[in-house]
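Visitor: Below you will find the structure I want to go over with you.
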Amino acid sequence: MLKANRAQMKEINKNLLRQTLKEYRKATKPELAALTHLSVVTVNSLISEMVASGEVIEGEEVPSNGGRPSRQYVYNGNYRKALIIYGYEHNDKDLFNLLIINAFGECIERKKDYFPNVFIDSFDIWIENAFRSHKNICAIVFGLPGAEENGVIYVNDYSGIIGDKFLSYYQSKYGVPVLYENDINATVYGFYTKQNSHTVQTVVGLYYPRIYGPGAGVVIKEEIYKGCKNFAGEVNWLPLKPSWNEVNYDNPEEVVLMLSQIIVVYSCVLAPERIVFYGDFLTEEILERLLLRVQELLKGHFLPHIQFEKSIEKDFETGMIQIAYKELQKREGIIEWY
C-alpha cells in the first residue's frame, strides 16, 4: 500500500475537518482538534484556508474553561449547492419539480409545474433563474424515465430529448457537471435509504404509471445496479401476458396475474428482501391476492416482503436528493489513495 504524499494528506485532513464541522455545524478550534484528533496547528492552518475560501464562516466567541474565549467556526451550507429537476406522471399529466439543495443536503428552494411536452431546452428558464438567484451551484441532476449511457439518452418516454444533445446542452451552457438518473432507479434508491441496511441488502422497485411502460430499479448493498448500457430495469420489454398495455388496471385478477409474473422473475434471479410496487391502482385486496399467488407459484420456497405505494413522489424526491448530495461530496475534493 502506497503512502499518501503531503498534498494528499492535506486534503484528507481537510476533508476530515469538513465532515466533522458539517456534522456539528459549528465548533471551536480546540473542539475540532479533539474531535478529529488533528493537531491544533493543523486545525489552525486548515480552518484559515477554509475561512478564506468562504467554506467556513467565523462565528461568535464563546467562554472557555477558565481561559480566553474561543471563537466558533460555522460550516457554510451555501458554499456548494446542487440543482435537481425530476418529473413523473400526475393526474395523467407530466409534473416536474425543481429543487435546490445546499451542502447539508437540505432543500432550500422548490417549484413545480406541468409540462405538456419535453424538449432539449424545456428547462432553460428554470435553470437560468436558479443560477441568477443562487451562487455556487456545482451540479445539475435530472431524474427522468429511460436509459442513458455516456451522455447519450437512447430510451425515453420523451422523444424530444433522445440522443446526445440534452445533457451536453446544459453542461456546455452552465459549465457544471450534469447527471442523469432513471426515475425508478432514483425512487428505489430513496426507498432503500429508509431501510435497515444491516438486514436489507437488495431492494427491487417497479413503477406502473399506466400511460407509459413500467420501469424497474434495483439497489444492492447501497448501489444502484444499472447493468450493461444502463439497460437494467427496462421491464416493459419482457414478454409477459398480459402486458402492461393490455391489462385492465381496474380488474384485480388481471393485475395480480401481471404482477405475480414479475415477482417470480426477480425472486428467482435476485431473491431480494424487499419488492415495492408504485401505482395508483394498487389496493389491499390486490396485495392479499398477490401474496397468495406468489406463494403458490414458488411453492413456498421464497417470498419477499412486498409493499405497495400509490405514488413515487416521496421516494423519488428522497432518492434524487441523496444522489445530488453524493455529487456535492465529490466536489469537496475527497481524494482516494492506495
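The values are calculated or read from the model by the stated rules, or taken from the named source; none is laboratory data. The model shown is predicted, which means the values in this text are computed figures rather than measured ones. Please note: Cβ atoms are built from the backbone with ideal geometry, for glycine as well, and neighbour counts cover all protein chains shown.
Visitor: Among the residues of the range 220-237 satisfying the criterion of being surrounded by fewer than 16 Cβ atoms within 10 Å (Cβ to Cβ) and among the acidic types (Asp, Glu), which is farthest from Gly146 (Cα to Cα)?
Guide: At the first step, the residues of the range 220-237 found to be surrounded by fewer than 16 Cβ atoms within 10 Å (Cβ to Cβ) are 220-223, 227-229, 231, 237.
Now restrict to residues that are among the acidic types (Asp, Glu): 222-223.
On the way: Glu222: 21, Glu223: 18 Å.
Top of the filtered list is Glu222.
Visitor: Follow-up. Take the residues in the range 238-296 that are among the polar types (S, T, N, Q) and assigned to a helix (DSSP H, G or I), then tell me which one is surrounded by the fewest Cβ atoms within 10 Å (Cβ to Cβ).
Guide: Of all residues in the range 238-296, those among the polar types (S, T, N, Q) come to 243, 245, 248, 251, 260-261, 267, 283, 295.
Right, trim to assigned to a helix (DSSP H, G or I) and you get 260-261, 267, 295.
Numbers: Ser260: 21, Gln261: 16, Ser267: 19, Gln295: 14.
Across the range 238-296, the extreme among qualifying residues is Gln295.
Visitor: Mind listing whichever residues of the range 10-43 are exposed (fewer than 15 other Cβ atoms within 10 Å of the Cβ) and over 30 Å from the mean Cα position of the chain (by Cα)?
Guide: Once the filter is applied, which keeps residues that are exposed (fewer than 15 other Cβ atoms within 10 Å of the Cβ) and over 30 Å from the mean Cα position of the chain (by Cα), the range 10-43 yields Pro30, Ala34, His37, Ser39, Val40, Val41.
Visitor: Filter the range 297-331 down to the residues that are buried (at least 18 other Cβ atoms within 10 Å of the Cβ) and assigned to a loop (DSSP other than H, G, I, E, B), then identify the one that is nearest to the chain's Cα centre (by Cα).
Guide: Ile312
Visitor: How many of the residues making up the range 223-237 are under 18 Å from Phe277 (Cβ atoms), free of Cβ contacts under 8 Å to residues at least 40 places away in the same chain and assigned to a loop (DSSP other than H, G, I, E, B)?
Guide: Residues meeting the conditions: 1.
Visitor: What number of residues in the range 158-179 are at pLDDT below 95 and touching a Leu at 6+ places or on another chain (Cβ under 8 Å)?
Guide: 2
Visitor: If you take the residues in the range 143-177 that are among the hydrophobic types (A, V, I, L, M, F, W, C) and surrounded by fewer than 20 Cβ atoms within 10 Å (Cβ to Cβ), which one is farthest from Cys228 (Cα to Cα)?
Guide: Result: Val176.
Visitor: Now for a separate question. Against the condition of a type outside the set (Gly, Ala, Ser) and not assigned by TED's automatic domain parsing to the domain that holds Lys135, how does Leu83 come out, does it pass? Give the derivation first.
Guide: Numbers: of a type outside the set (Gly, Ala, Ser): yes; not assigned by TED's automatic domain parsing to the domain that holds Lys135: no.
So Leu83 does not fit the description; no.
Visitor: Residues in the range 55-72: is at least one acidic (Asp, Glu), surrounded by 14 or more Cβ atoms within 10 Å (Cβ to Cβ), in contact (Cβ under 8 Å) with a residue 12 or more places away in the chain and not in a strand (DSSP E or B)? Can you show your working first?
Guide: Initially, the range 55-72 is screened for residues acidic (Asp, Glu), giving 55, 58, 60-61.
Keeping just the survivors that are surrounded by 14 or more Cβ atoms within 10 Å (Cβ to Cβ) gives 55.
Those left that are additionally in contact (Cβ under 8 Å) with a residue 12 or more places away in the chain: 55.
Remaining after also requiring not in a strand (DSSP E or B): 55.
There is at least one residue in the range 55-72 that is acidic (Asp, Glu), surrounded by 14 or more Cβ atoms within 10 Å (Cβ to Cβ), in contact (Cβ under 8 Å) with a residue 12 or more places away in the chain and not in a strand (DSSP E or B).
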